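Trainee: Can you keep this structure in mind? I'll have questions shortly.
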Amino acid sequence: QKRVPDPALSDKGAREAEAVARYLAANFGGQGAVVASPMLRAIQTANPIVQAAGLLGIVSPLLHEVGGMYVKRGEEFTPAAGMSAAEIKKSFPDFDVSKLPKEGCWNAMRPKEQPEGYYERAKAAAAWVKSSEVRETVGKGPLVLVMHSDFIDLTIKALLCLPLGPPQAVFYTSNCSVTELFLPEKFCTETVGYGTLVCLNKSEHLPKP
């Protein structure tokens, strides 16, 4: 089956996105931010959360799917174009796209990402989450990250200062489940104390099959 590099949400995915938006609005709404991968299905998932919870929406190129944007033809991997910042802004006007390139597609037609690339990107994403920029942006509210399962695993490990790979164990998450971490400020700024994985792959809010 031909790989689609940037698919939209399915009807089931859209229903799950609405369900997680209702859950987050009821539990975390009012202050904070939602940061999404620039891939279409991630922004489509994040958009109802922004609307329902009244949170700031941000698109970050750090959170894209492991491997990036590509099409496989035989044994060759050909780069594929992601959306541009202007295209994302036109379709999702409530999102800040200032972290994306101003010109061209967000991924600049880079080749298929290799393990050293996504390990370093997970470390960069974790460093950004722990940064003073994020603390000033979200205040006392939550930071909601909307990204892709393999990269969720890597980001959890990077945030908790665990080895990234090759993996001996994986934090598995299903679509539109909720995983919550608590990261005290001193842990973020000085690595004093420890971060806590509060829950993993919570899915009670999702529609029953």
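The values are calculated or read from the model by the stated rules, or taken from the named source; none is laboratory data. Being a predicted model, the structure only gives us computed values, none of them experimental. Note that we place each Cβ from the backbone using ideal geometry, even for glycine, and neighbour counts take in every protein chain shown. These area figures cover heavy atoms from the full protein model, side chains too; ligands, DNA and RNA do not enter into them. Shrake-Rupley method; radii C 1.70, N 1.55, O 1.52, S 1.80 Å.
Trainee: Give the residues of the range 47-61 that are open to solvent by 30 Å² or more (accessible area, probe 1.4 Å) and part of a helix (DSSP H, G or I), sorted by residue number.
Mentor: Those that are open to solvent by 30 Å² or more (accessible area, probe 1.4 Å) and part of a helix (DSSP H, G or I): 47, 51, 52, 61.
Let's see how each residue does on (1) over 26 Å from residue 41 (Cα atoms); (2) touching a residue at least 24 places away in the same chain (Cβ under 8 Å); (3) open to solvent by less than 70 Å² (accessible area, probe 1.4 Å):
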| residue | (1), (2), (3) |
| --- | --- |
| 109 | no, yes, no |
| 112 | no, yes, yes |
| 120 | no, no, no |
| 180 | no, no, yes |
| 191 | yes, yes, no |
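Trainee: All but one of (1) farther than 24 Å from residue 100 by Cα; (2) within 12 Å of the chain's Cα centre (by Cα) hold for residue 19, so report the exception by its number.
Mentor: (2)
Trainee: A further question on this structure: So which residues in the range 1-46 are of a type in the set (A, V, I, L, M), assigned to a helix (DSSP H, G or I), open to solvent by 20 Å² or more (accessible area, probe 1.4 Å) and under 20 Å from residue 149 (Cα atoms), if there are any at all?
Mentor: Scanning the range 1-46 gives 14, 40.
Trainee: Could you tell me whether residue 121 is of a type outside the set (Ser, Thr, Tyr), assigned to a helix (DSSP H, G or I) and more than 17 Å from the chain's Cα centre (by Cα)? Walk me through how you get there before you give the answer.
Mentor: Values: of a type outside the set (Ser, Thr, Tyr): yes; assigned to a helix (DSSP H, G or I): yes; more than 17 Å from the chain's Cα centre (by Cα): no.
Here the answer is no, as residue 121 does not meet what is asked.
Trainee: Out of the residues in the range 123-157 that are farther than 17 Å from residue 195 by Cβ and in contact with a Ser or Thr (Cβ under 6 Å, 6 or more places away or on another chain), state the one that is surrounded by the fewest Cβ atoms within 10 Å (Cβ to Cβ).
Mentor: Top of the filtered list is 149.
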